[in-house]
Amino acid sequence: MVGVGVGLIGSGFIASTYADALQDVRDAEITANYSRDPNRAAAFAAEWGPIPSQYDDIAALCADPAVDLVVISLPNEVHLEATRIAAAAGKGIVCTKPLARTGAEAAQMLAIAADAGVWHGYAESSVFSPNVAKAYQMVEAGAIGDLLTMRAREAHSGPHAPHFWDAGPAGGGALLDMGCHTIESARHFFGKDNRITEVFAWGATLVHGDKTTGEDSAVALLKFAGGQLATVESSWIEKGGMQLRHEFVGTAGRLVTDTSSTPVWGFIENPAGYLVEKADAQTGWVFPVPEETRAYGFSQEMRHFVDCFAAGREPRETFADGHIVNCVIDACYRSMRSGTWEPVPTA
C-alpha cells in the first residue's frame, strides 16, 4: 500500500539522484515520472521502476490521483512554471536547488504555493548530509562555544548538462549553481533568524569562456546581523571529483567536514566503472565516494520531506528559505558588478 505517491518531474542526473534517494524512504513510492521525451521517460521508469505511469506533459502528471507530492527536477528556468502547474493541481511540491533564478522569481514561487495552500519543501541537500548534520549537532551542543566564522567550499570541473552552461536561461554560473548550497549551510549554522545583512563577492570566467558567459569561479563574504562571517567558494574549474568542505571556528574550538575525504581510495590502471560525480578520470589516483546519495544527504532530505508531508508538518527547508538564498545570490551578483559591499534587503 502506497503511503505518499511521488511524481518525479524530470529525467536527468538530479531526477535519477532523487529516484535513488527515494528507495530509502519506506513510506514513499514513485507513482509517476515525466520527461519531454516519452522514450526517455520510459527508460527512466525501467531503470527506477516499477513506476506505474509515464508522462510527457507536466499538467497530466500533476492531475494523476496517484500523485500526492511532486518533485521538480528540472532546469532552473522551468521551476516557476512547474510550480504553477503543481500548485494549481493542489499537489505538495519539493523543488530542487536553486529554487529560482532570481529573488523576484523565487518570490513568485513562494506566493503561488502560499496562495494555493500547498505544502512546499526546498531540496537543499547539504544541510542533511551526515557529516554536516553531525557538525550541526555538536555546534548546537556548545562543543566549540559561540560560532564565529564559517568557510565553505564546493567545487568540481563543471556541469554535466548543457543547460547549466547557458547563463541566460540558467540565471547565473557557479555561484548560483553551487553557492546556493553553502549559503544555506551558513544560514543553517548561524541561525535563520540571524539575517545576512550584506555581502561582498568576486566572480570571473577563468577557464570555460568557450562554454559559458557565467562565472566559473566565485568567492562571497556574507556578513550576519549577529556579527558572524561566512566565506563561500564556488568553482567549476577544479579537476578530480567533487569538493565539499566546511570549516567552523568558534570561541572554544573548530570543526571540519569534508565529504570528499572518502574511506576508499587508491591507484588503478584499469577503469572500474562509475567512481564519483565529476570524477574527470577513470584511472590513476581515484577517490570514489560510497553511497553518494546518502553521503551527500539526498536520502535523508527525501525521508524528511516525505515524513513532514505525511504528517502535515512544515519541513526544515521551505520555499521561504530558497527565496532568501536567491536574494543573497542576487546581492552577490550586484557586488560582483559594483565592487563594493551590497545590502541584502529581504534576507
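Only one entry in I144, I93, I112, I85 is of a type outside the set (S, T, Y), outside the structural domain of T17 (by TED's automatic domain parsing) and surrounded by 17 or more Cβ atoms within 10 Å (Cβ to Cβ), namely I144. Candidates A43, A28, A32: the one that is of a type in the set (A, V, I, L, M, F, W, C), over 17 Å from A82 (Cβ atoms), crowded, with 23+ Cβ neighbours inside 10 Å and at pLDDT 95 or above is A28.
You will find that of D166, D177, the residue that is surrounded by fewer than 18 Cβ atoms within 10 Å (Cβ to Cβ) and either modelled with pLDDT of 95 or more or more than 28 Å from G227 (Cβ to Cβ) (or both) is D166 and no other.
If you go through the range 260-312 one residue at a time, how many are among the polar types (S, T, N, Q) and farther than 21 Å from A19 by Cα? So that I can check it myself, show each step before the final result.
Filtering the range 260-312 down to residues among the polar types (S, T, N, Q) leaves 260-262, 270, 282-283, 293, 299-300.
Retained after the next criterion (residues that are farther than 21 Å from A19 by Cα): 260-262, 270, 282-283.
Count: 6.
Looking at the range 311-330, can you tell me whether even one residue there is within 21 Å of E238 (Cβ to Cβ) and not in a strand (DSSP E or B)? The answer is yes, given that some residue of the range 311-330 is within 21 Å of E238 (Cβ to Cβ) and not in a strand (DSSP E or B).
The values are calculated or read from the model by the stated rules, or taken from the named source; none is laboratory data. Values in this document were obtained by computation on a predicted structure and should not be read as measured data. Cβ coordinates were reconstructed from backbone atoms using ideal geometry, including for glycine residues, and neighbour counts include every protein chain displayed.
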